[in-house]
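Let me begin by presenting the structure, written as structure tokens, before commenting on it.
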Amino acid sequence: MASEEANNRISLKEFILNKLADNEKQSKILAAMMEKRLDGMNEFRNALKDQSVNAVSRAEFQVQIEKITGDIGTLREVAAEARGKASQTSLIATLLIALLGLFVSILTLVWNLK
């Protein structure tokens with residue numbers, strides 16, 4: 001049994017070398033994990049950078065909104081003017097029909113008086 005214990009025992013040097021080898025393996029694993037994490041963070045950072053490059057600033061957005069609002073106002077004015085012109089055209093047509101009716105009435109009166 002004493003010889004078995006002697007066989008199971010390792011020297012201090014071997015123990016330290018084994019621990020150093022284990023630590024080196026763990027360090028490589030942790031380094032790989034850290035590298036993967038950093039790659040993910042870099043991907044996220046690049047996505048944010050792309051977003052900020054492609055995004056419209058608040059000032060640019062406000063300028064465009066004001067321009068569109070102005071265009072809508074102009075379209076409303078044109079539509080109101082067109083409705084006004086349509087009303088004016090209807091008024092003129094009605095006036096001409098009324099004048100024609102008046103003329104026909106006068107002719108009928110004159111014709112009947114003779």
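Read-outs: derived from the displayed coordinates by stated rules, not from any lab. This is a predicted model, so every value here is computed, not measured. Because the Cβ atoms are built from the backbone with ideal geometry, glycine has one as well, and the counts that use them run over all protein chains shown.
Structure notes:
- Stokes-Einstein diffusion for segment 1-55 at 10 °C, viscosity 1.306 mPa s, with a Kirkwood radius from C-alpha pairs, works out to 105 µm²/s.
- For K85, the lysines whose Cα falls under 30 Å of its own Cα, not counting residues fewer than eight places away in the same chain, are K67.
- Positive-end residue of L48, A80, L38, charge dipole of the chain with Cβ unit charges: A80
- Within straight-line cross-link reach of K49, aspartates and glutamates at Cα separation under 14 Å, skipping those fewer than 8 residues along the same chain: none
- For the Cα trace of segment 58-114, dividing Rg by the Kirkwood Rh returns an Rg/Rh value of 1.60.
- Helix-only [θ]222 nm of the chain, DSSP H runs n ≥ 4, -39500 (n - 2.57) each, per residue, nearest 500: -34000 deg cm²/dmol
- Fully extending the segment from R76 to Q88 would add 2.5 nm, taking 0.36 nm per residue of separation and subtracting the current Cα-Cα distance.
- Per residue, the convex hull spanned by the Cα atoms of the chain amounts to 174 cubic angstrom.
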